[in-house]
Amino acid sequence: MSSLPDPDQLLDTSGLNCPLPLLKAKQALSRMVPGQLLQVIATDAGSVRDFKAYTDQSDHTLLKSFTEQDRFIYIIRRG
């Protein structure tokens, strides 16, 4: 299993409902430089669909997405 480097920024959106986790992630990504990694923690199940659709339509890359103890974790590389 390949391991990813530590994220450059961690964003915890636990407790926030759609669309706030994605909006906060977009704001964080806009302040980062290309190539940096953002780790997002969310508790809203709708975020799975939102983050996939957003990264598919943007220049950012969803490197990893997984669930851990009722939390949805996303690792996104800034495009």
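The values are calculated or read from the model by the stated rules, or taken from the named source; none is laboratory data. Source: prediction; values computed, not measured. For neighbour counting, all protein chains shown are included, and Cβ atoms are generated from backbone atoms with ideal geometry for every residue, glycine included.
Summary table below
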quantity: Failed condition for Gly35, given (1) modelled with pLDDT of 95 or more; (2) surrounded by 11 or more Cβ atoms within 10 Å (Cβ to Cβ); calculated: (2)
quantity: Any hit, region 66-75, residues being surrounded by 11 or more Cβ atoms within 10 Å (Cβ to Cβ) and assigned to a helix (DSSP H, G or I); calculated: no
quantity: Single match in Asp44, Asp56 (criterion: exposed (fewer than 14 other Cβ atoms within 10 Å of the Cβ) and either in a strand (DSSP E or B) or under 13 Å from the mean Cα position of the chain (by Cα) (or both)); calculated: Asp56
quantity: Search result, residues across region 17-41 that are part of a helix (DSSP H, G or I), within 10 Å of the chain's Cα centre (by Cα) and over 13 Å from Arg71 (Cα atoms); calculated: Leu22, Lys24, Ala25, Lys26, Ala28, Leu29
quantity: Yes/no for Leu10 being surrounded by fewer than 15 Cβ atoms within 10 Å (Cβ to Cβ), out of contact with any Cys (no Cβ under 7 Å at 6 or more places or on another chain) and not small (Gly, Ala, Ser); calculated: yes
quantity: Any hit, region 41-56, residues being touching a residue at least 40 places away in the same chain (Cβ under 8 Å) and among the hydroxyl-bearing types (Ser, Thr, Tyr); calculated: no
